[in-house]
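> Let me begin by handing over the structure; questions about it come next.
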């Protein structure tokens, strides 16, 4: 409270008269400003005087109600030129917390934004579908695009906003207009209580002795589930592990680190955390790998592999523990933290940049795979992948990567800007 009072006194001294004391909406704006001032990774604040920006918006914006305060906060954050530092309304914040916990009520889709790097809005593309969920039963598939939700077009909305529209009370209805390869459909769906299981695995068997581990997202359950999967797969003495990170847009950063630690030898660097002054923290593997390090590892990636998934992919590649196969990754090399505000809304604030163990900054730069392969026809689920593997129908480029195994020299691919 002392901090807020101090800020208020400065404002009054800078030109406001006692008759125009700071109201609760202005205090919320100041609270948001202070959160960014304290934690933001770029202490030049995009090359601008952060204090003057605060004062300017206080003078020019209206603060008559909460929505006007939110608009002022969004304008404040917009000056940073950072699409990942954003304000979340109370509903958006609650939806994000539910998604991170792995428990939510919705239609059973994971959605990503297909846009140019550096943009926080774009087309709402379905990355994966919860098996047996409402969307799955209606025929929605990965690669489909959600054009509108309850009549509201998704173009131009943030991922947080789209998530909040899709989620809701169990049993409530939602209408989604979906563009598929067969045309556009309008679906009337009923939300259900869903428990998102981010990890699938299976020992495929066959002459290659392939084991498959699918990690669809990094929520609070991922590290625990991947550890259990690796323990069971290791017991079967596989001759090769295929870890599938395609369409994994990230999630909880610490969970990406946790999975990397399960695969790498003790003391191996996983990721470097940097700010405007350089590297300030290093994460290393602890406790030893859960799978024999002599077992070759292939990691499947594509243009939708991002953020925490890239932490994991970069650690595997730089350490030489395995090879990446597929297509270049998305290139999101910044870390956000959620800061709750006093009214129930929150800020997602970029607090750090990460680098791979070799010191590569991949933000807006994707990690190029060691083996380029068209994996569009390769299922991203355990049953489908193993069926294809047993039938000997995996792409030749992927089979080549499997035969070579091991690690490789890291390579970068520039993403279009």
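> Just to verify a result, which residue in segment 233-247, among those that are out of contact with any strand residue (DSSP E or B) (no Cβ under 6 Å at 6 or more places or on another chain) and in a loop (DSSP other than H, G, I, E, B), is surrounded by the most Cβ atoms within 10 Å (Cβ to Cβ)? Write out each step before concluding.
Start the filter on segment 233-247 by keeping residues that are out of contact with any strand residue (DSSP E or B) (no Cβ under 6 Å at 6 or more places or on another chain), which leaves 234-235, 237, 239.
Retained after the next criterion (residues that are in a loop (DSSP other than H, G, I, E, B)): 237, 239.
On the way: 237: 11, 239: 15.
That would be 239.
> Might you let me know whether segment 272-286 holds any residue that is outside any loop (DSSP other than H, G, I, E, B) and within 30 Å of residue 124 (Cβ to Cβ)? So that I can check it myself, show each step before the final result.
So in segment 272-286, the residues outside any loop (DSSP other than H, G, I, E, B) come out as 272-275, 278-284.
Subset that is within 30 Å of residue 124 (Cβ to Cβ): none.
Within segment 272-286, not a single residue is outside any loop (DSSP other than H, G, I, E, B) and within 30 Å of residue 124 (Cβ to Cβ).
> While we're looking at this one, here's another question. Scan segment 253-264 and give yes if some residue there is at pLDDT below 95, touching a helix residue (DSSP H, G or I) at 6+ places or on another chain (Cβ under 9 Å) and in the same structural domain as residue 297 (by TED's automatic domain parsing), otherwise no.
Just the residues of segment 253-264 that are at pLDDT below 95, to begin with: 253-254.
The next check asks that each one be touching a helix residue (DSSP H, G or I) at 6+ places or on another chain (Cβ under 9 Å); those that pass are 253-254.
Then drop every residue that is not in the same structural domain as residue 297 (by TED's automatic domain parsing), which leaves 253-254.
Looking through segment 253-264, at least one residue is at pLDDT below 95, touching a helix residue (DSSP H, G or I) at 6+ places or on another chain (Cβ under 9 Å) and in the same structural domain as residue 297 (by TED's automatic domain parsing).
> Is segment 40-54 home to any residue that is in contact with a strand residue (DSSP E or B) (Cβ under 7 Å, 6 or more places away or on another chain) and in contact (Cβ under 8 Å) with a residue 12 or more places away in the chain? Give the derivation first.
Going through segment 40-54, the residues in contact with a strand residue (DSSP E or B) (Cβ under 7 Å, 6 or more places away or on another chain) turn out to be 40-41.
Add one more test, that the residue is in contact (Cβ under 8 Å) with a residue 12 or more places away in the chain, and what stays is 40-41.
Yes, segment 40-54 contains a residue that is in contact with a strand residue (DSSP E or B) (Cβ under 7 Å, 6 or more places away or on another chain) and in contact (Cβ under 8 Å) with a residue 12 or more places away in the chain.
> Oh, and also: For residues in segment 74-88 being touching a strand residue (DSSP E or B) at 6+ places or on another chain (Cβ under 6 Å) and assigned to a loop (DSSP other than H, G, I, E, B), which is farthest from residue 345 (Cα to Cα)?
In this case the residue turns out to be 82.
> If you scan segment 200-232, which residues turn out to be assigned to a helix (DSSP H, G or I) and closer than 15 Å to residue 308 by Cα?
So in segment 200-232, the residues assigned to a helix (DSSP H, G or I) come out as 222-232.
222, 223, 226, listed by residue number.
> Looking only at segment 189-199, decide whether some residue is in contact with a strand residue (DSSP E or B) (Cβ under 9 Å, 6 or more places away or on another chain), within 21 Å of residue 300 (Cα to Cα) and either in a strand (DSSP E or B) or modelled with pLDDT of 95 or more (or both).
yes
> Continuing with the same structure: Does at least one position in segment 317-330 carry a residue that is under 15 Å from the mean Cα position of the chain (by Cα) and in contact (Cβ under 8 Å) with a residue 24 or more places away in the chain? Can you show your working first?
Here is the first cut: in segment 317-330, the residues under 15 Å from the mean Cα position of the chain (by Cα) are 329-330.
After this cut, where a residue has to be in contact (Cβ under 8 Å) with a residue 24 or more places away in the chain as well, the list is 329-330.
Scanning segment 317-330 turns up at least one residue that is under 15 Å from the mean Cα position of the chain (by Cα) and in contact (Cβ under 8 Å) with a residue 24 or more places away in the chain.
> Looking only at segment 150-171, which residues are loosely packed, with under 12 Cβ neighbours inside 10 Å and either assigned by TED's automatic domain parsing to the domain that holds residue 228 or touching a residue at least 40 places away in the same chain (Cβ under 8 Å) (or both)?
Scanning segment 150-171 gives a single hit, 169.
> To continue, here is another question. Looking at (1) touching a helix residue (DSSP H, G or I) at 6+ places or on another chain (Cβ under 9 Å); (2) surrounded by fewer than 21 Cβ atoms within 10 Å (Cβ to Cβ); (3) in the same structural domain as residue 255 (by TED's automatic domain parsing), which is the only condition residue 174 fails?
In the conditions (1) touching a helix residue (DSSP H, G or I) at 6+ places or on another chain (Cβ under 9 Å); (2) surrounded by fewer than 21 Cβ atoms within 10 Å (Cβ to Cβ); (3) in the same structural domain as residue 255 (by TED's automatic domain parsing), residue 174 misses (3) alone.
> Filter segment 282-307 for residues that are touching a strand residue (DSSP E or B) at 6+ places or on another chain (Cβ under 9 Å) and free of Cβ contacts under 8 Å to residues at least 40 places away in the same chain; which is nearest to residue 252 (Cα to Cα)?
Quick first cut of segment 282-307, residues touching a strand residue (DSSP E or B) at 6+ places or on another chain (Cβ under 9 Å) only: 282-285, 291, 295-307.
Now drop any that are not free of Cβ contacts under 8 Å to residues at least 40 places away in the same chain, which leaves 282-285.
Working: 282: 17, 283: 15, 284: 17, 285: 17 Å.
Among them, the one singled out is 283.
The values are calculated or read from the model by the stated rules, or taken from the named source; none is laboratory data. What you see is a predicted model, and the numbers here were worked out from it, not measured in a lab. Because the Cβ atoms are built from the backbone with ideal geometry, glycine has one as well, and the counts that use them run over all protein chains shown.
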